[in-house]
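Engineer: Okay, here's the structure, questions in a sec.
Laboratory data are not the source of any read-out in this text; all were calculated from the coordinates shown. Bear in mind the structure is a predicted one, so any value in this text is a computation, not a measurement. All Cβ positions, glycine included, derive from the backbone under ideal geometry; neighbour counts span all protein chains shown.
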Amino acid sequence: MEAFTTHTGRAVPLRRSNVDTDQIIPAHWLKKVTRDGFEDGLFEAWRKDPEFVLNRPEREGATVLVAGPDFGTGSSREHAVWALQNYGFKAVISSRFADIFRGNSLKNGLLTVVLPQETVDALWELTEADPTAEVTVDLERRKVLAAGIDADFELDENARWRLLNGLDDISLTLQNEADIAAYEAARPSFKPRTITA
Amino acid sequence: MGRTLAEKVWDDHVVRRAEGEPDLLFIDLHLLHEVTSPQAFDGLRQNGRQVRRLDLTIATEDHNTPTLDIDKPIADPVSRAQLETLRKNCAEFGVRLHPLGDVEQGVVHVVGPQLGLTQPGTTVVCGDSHTSTHGAFGALAFGIGTSQVEHVLATQTLPLARPKTMAITVDGELPEDVTAKDLILAIIAKIGTGGGQGYILEYRGSAIEKLSMEARMTICNMSIEAGARAGMIAPDETTFAYLKGRAHAPEGEDWDAAVAYWKTLRTDEDAVFDAEVVIDAAELAPFVTWGTNPGQGAPLSARVPDPASYEDASERLAAEKALEYMGLTAGQPLRDITVDTVFVGSCTNGRIEDLRNAAELLKGRKVADGVRMLVVPGSVRVALQAVEEGLDKVFKEAGAEWRHAGCSMCLGMNPDQLAPGERSASTSNRNFEGRQGKGGRTHLVSPQVAAATAVLGHLASPADLSDVATTAGV
């Protein structure tokens, strides 16, 4: 995984709540068997509208998505994270994320930042008024900074450490091989098996 | 202090617990399907890793599979390639697979329980958010992303922070014609699509205890629609009776040992939930959605709400956008909404009891002119059982299409889709924009409401059918 320390970029204000993962990447894109090439599927239905914020020329090259509450609800598809990253997003800011989406994001180095809705409102107003306004998401200091905005955010220490160092979860877990083997040895015999020996 | 059901199952699966780290949890059962696994198998290959526990892993094909002409090559080359990728991966790594055409094939969340693999007190994961279904057995079951699929394949564990717990207590008697689907839609409307975020839900109370396993699965299935990764129901005699004799249920001494353990899986009297919601079953009615998220629902007897009635600005905007997308007008009675398509099936309502409930209302009646009704069993086993009971005949005689097993119209990944502007009454779980096909409009309903709607051509409850004569038994 790519490490995330700090990022500064222009923002896309997305004034929508309950942006589900079917909107982020529609199901027919899920037939692909790779982790790349999803950028054209990102918000596919909404992008048919030339006025949709992502289609505006002034948003080209923006890397921070600022969305309404309950972002990433619904399907567990990690393709939603890949689509956002393939398009160029480095961070998503919302007042509330769906659990599975947030977990998937952190596994891929897409930073999800939870801020109070008032701060999201302020970011919307700032970046709508001035599309060139830059937003900094600083994971080392756990801060979001923009003109007139200095907001702290929470992220548990373990997740932050993994992101800052771009650590691979599977390698970390495999360091506990002895614990896993010990647990397996003690499992009751009545537990189900898909293949009978 | 006592512990909740969720806490007991969690604690029994902790492989490693250390200060400042998420718990490392052991996974008892890993279900795979074609959509969310290819990139995970690629990851194993790139790192020279194997599947750690083939005996705790099983795969089936469901999202892409057509429900017609299943003996012919799959027409869409991209869908076909994805299914072939799963077959190749399962063969290469040695994973048990039930492909299209196999008698154990079906929607992954129907297959696990019917094989008896889903058991109380187990941890179950799958790269699919509706894995919450398996919580109906008192399992801790939740959807995961593809990176986590790879993690479980490689290690049979997952590092996870323990969620909070929420009790959803439903006491009293459900009125006639009010089903588990109506109950869960009402719960989601009450707590909202983010209400369960960060929690494991436990459904409890006398109304829950009376439900069949199929009905319990319908409820736990849609926990994710309330934002909760997992929903659970304490195992009881209903659970044990469902499992006894199934292919992978324990036998002999193992059965006795298992039941003794399963009986301990109840929330202790003195346990404390982090949140509690109480629902009076007697106040519920058949429930449908009018909007584009599962929390935008109302009793069938109500009217389409006026967005202006929402105090919260973001809810008001969401309602405005939903009415625009759905082509509805504030104040319109929900019963006046006509549909083009009725879909009975999915991991929410594609089990035998769901088909029986729909068939009972369709018997001797006809699907309304201009309405297309698809009945899609959740698995091949469900289909075979339905045929044995003659349900397929009832559906066909009523004018419905009887299809092969799969996810079908629940999501637009296979040929069963709505055309732009088409409107459905669907027993599935998501009414998101475009979920059932680009531009399609979805109303989530129970199998009973689906059947009544098919006959009358507009959203309707079983009671509305009392004026419609049947030819059965005349």
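Engineer: How many angstrom lie between the Cα centre of the stretch B:275-308 and the Cα centre of the stretch B:103-174?
Structural biologist: For the stretch B:275-308 versus the stretch B:103-174, the Cα centre distance is 26 Å.
Engineer: What are the residues whose amide H is under 5 Å from the amide H of residue B:290, where those residues sit 5 or more places off or on another chain and H is modelled from the backbone?
Structural biologist: B:297, B:298
Engineer: Please give the calculated 222 nm ellipticity per residue for the protein assembly as shown, where each DSSP H segment of at least 4 residues contributes -39500 (n - 2.57) and the sum is spread over every residue; nearest 500 deg cm²/dmol?
Structural biologist: Values: 23 runs with 210 residues, N = 671.
Value at 222 nm, helices only: -9000 deg cm²/dmol.
Engineer: In which sequence would B:407, B:90, B:347 go, from the one with the fewest C-beta neighbours within 10 Å to the one with the most?
Structural biologist: Numbers: B:407 31, B:90 23, B:347 28.
Neighbour counts put them in this order, fewest first: B:90, B:347, B:407.
Engineer: Same structure, new question: Over all residues in A:176-187, what is the mean tally of Cβ atoms on other chains that come within 10 Å of each residue's Cβ?
Structural biologist: Values: counts 7, 1, 1, 8, 9, 1, 2, 9, 7, 0, 0, 5.
Partner Cβ neighbours, averaged per residue: 4.
Engineer: Continuing with the same structure: Expressed as a fraction of 2.2 N^0.38 Å, the rule-of-thumb size for a compact globular protein of N residues, what is the C-alpha radius of gyration of the protein assembly as shown? Write out the running numbers ahead of the final one.
Structural biologist: Working: Rg = 23.9 Å, N = 671, 2.2 N^0.38 = 26.1 Å.
So the Cα radius of gyration is 0.92 times the expected 2.2 N^0.38 Å.
Engineer: Same structure, new question: Using each residue's phi in the stretch B:147-158, evaluate 6.51 cos²θ - 1.76 cosθ + 1.60 at θ = phi - 60° and report the 3J(HN,Hα) Karplus result to the nearest Hz, with x for Gly and Pro.
Structural biologist: Ordered by residue, 3J(HN,Hα) equals 4, 6, 4, 4, 4, 6, 4, 7, 10, 6, 9, 9 Hz.
Engineer: Here's something else I'd like to know. According to a simple spin-label model (label point 7 Å from Cα along Cα-to-Cβ), what is the distance in nm between residue B:81 and residue B:264?
Structural biologist: Placing both labels 7 Å beyond Cα along the Cβ direction yields 5.1 nm.
Engineer: I've got another one for you. Could you please rank B:310, B:242, B:203, placing first whichever residue has the fewest other Cβ atoms within 10 Å of its Cβ? Each step should come with its number before you reach the end.
Structural biologist: Working: B:310 15, B:242 22, B:203 29.
Exposure proxy ranking, most exposed first: B:310, B:242, B:203.
Engineer: Apply 1/(1 + (r/R0)^6) to the Cβ-Cβ distance of residue A:185 and residue B:332, taking R0 = 60 Å, and write down the FRET efficiency to the nearest 0.05. Spell out each step's value before the answer.
Structural biologist: Values: r = 63 Å, r/R0 = 1.04.
Plugging the Cβ-Cβ distance into 1/(1 + (r/R0)^6) gives 0.45.
Engineer: Follow-up. Given points 7 Å out from each Cα along the Cα-Cβ axis, report the residue B:164 to residue A:54 separation in nanometres with one decimal.
Structural biologist: Using points 7 Å along Cα→Cβ, the separation is 3.2 nm.
Engineer: Setting aside same-chain residues fewer than 8 positions from residue A:191, which lysines have a Cα under 17 Å from its Cα?
Structural biologist: Counting by Cα, and skipping residues close in sequence, residue A:191 has these lysines nearby: B:8, B:244, B:263.
Engineer: Moving to a separate point now. Using a 10 Å cut-off on Cβ to Cβ distances, tally the other chain neighbours for every residue of A:98-109 and report the average as a whole number. Working shown, then result.
Structural biologist: Numbers: counts 7, 15, 11, 2, 2, 9, 5, 1, 2, 7, 3, 0.
Mean shielding by partner chains, rounded to a whole number: 5.
Engineer: For residue A:157 and residue B:72, what is the calculated FRET efficiency with R₀ set at 56 Å and r taken between the beta-carbons, to the nearest 0.05?
Structural biologist: On the way: r = 55 Å, r/R0 = 0.98.
It comes to 0.55.
Engineer: Antiparallel as a % of all DSSP beta bridges within the stretch A:54-197, to the nearest 5?
Structural biologist: Details: 7 of 15 bridges.
Close to 45 percent.
Engineer: Identify which of A:77, A:35, A:102 has the largest mean-square fluctuation in a Gaussian network model of chain A, with springs joining Cα atoms closer than 10 Å.
Structural biologist: The residue that fluctuates most here is A:35.
Engineer: Return the whole-Å distance between the Cα centroid of the stretch A:174-197 and the Cα centroid of the stretch A:50-84.
Structural biologist: 41
Engineer: Also, quick follow-up: Modelling each spin label as a point 7 Å along the Cα-to-Cβ direction, I'd like the residue A:140/residue B:45 distance in nm, to one decimal.
Structural biologist: Spacing of the two 7 Å Cα→Cβ label points: 3.9 nm.
Engineer: Right, here's the next one. If you add up the charges near residue B:195, with Lys and Arg at +1 and Asp and Glu at -1, over every other residue whose beta carbon is less than 11 angstrom from its beta carbon, what do you get?
Structural biologist: On the way: positive: A:96, B:190; negative: A:70, B:225.
Residues near residue B:195 contribute 0 overall.
Engineer: Per residue of B:197-203, how many C-beta atoms from partner chains lie within 10 Å of its own C-beta, taken as a mean?
Structural biologist: Across B:197-203, the average partner-chain Cβ count within 10 Å equals 2.
Engineer: For chain A, modelled as a GNM with alpha-carbon contacts under 10 angstrom, which of A:146, A:178, A:11 fluctuates the most?
Structural biologist: Its mean-square fluctuation being the largest, the pick is A:178.
Engineer: Additional query: So for B:224, B:337, fewest C-beta neighbours within 10 Å to most, what's the order? Please list the in-between numbers first.
Structural biologist: On the way: B:224 33, B:337 22.
Fewest to most other Cβ atoms nearby, the residues stand as B:337, B:224.
Engineer: Quick one: which residues, 5 or more positions from residue B:264 or on another chain, have an amide H under 5 Å from its amide H? H modelled 1.01 Å from N in the peptide plane, none for Pro or chain starts.
Structural biologist: none
Engineer: Using θ = phi - 60° and the Karplus curve 6.51 cos²θ - 1.76 cosθ + 1.60, what whole-Hz ³J(HN,Hα) does each residue of the stretch B:72-87 get, with Gly and Pro shown as x?
Structural biologist: 3J(HN,Hα) across the stretch B:72-87, in whole Hz: 9, x, 5, 5, 6, x, 6, 4, 4, 5, 5, 5, 5, 5, 4, 4.
Engineer: Got a sec to turn the phi values of the stretch B:218-230 into Karplus ³J(HN,Hα) couplings, 6.51 cos²θ - 1.76 cosθ + 1.60 with θ = phi - 60°, whole Hz, x for Gly and Pro?
Structural biologist: 4, 5, 5, 3, 8, 4, 4, 6, 9, x, 8, 5, 9
Engineer: Running a GNM on chain A with Cα contacts under 10 Å, which residue among A:13, A:69, A:116 ends up with the highest mean-square fluctuation?
Structural biologist: The residue that fluctuates most here is A:116.
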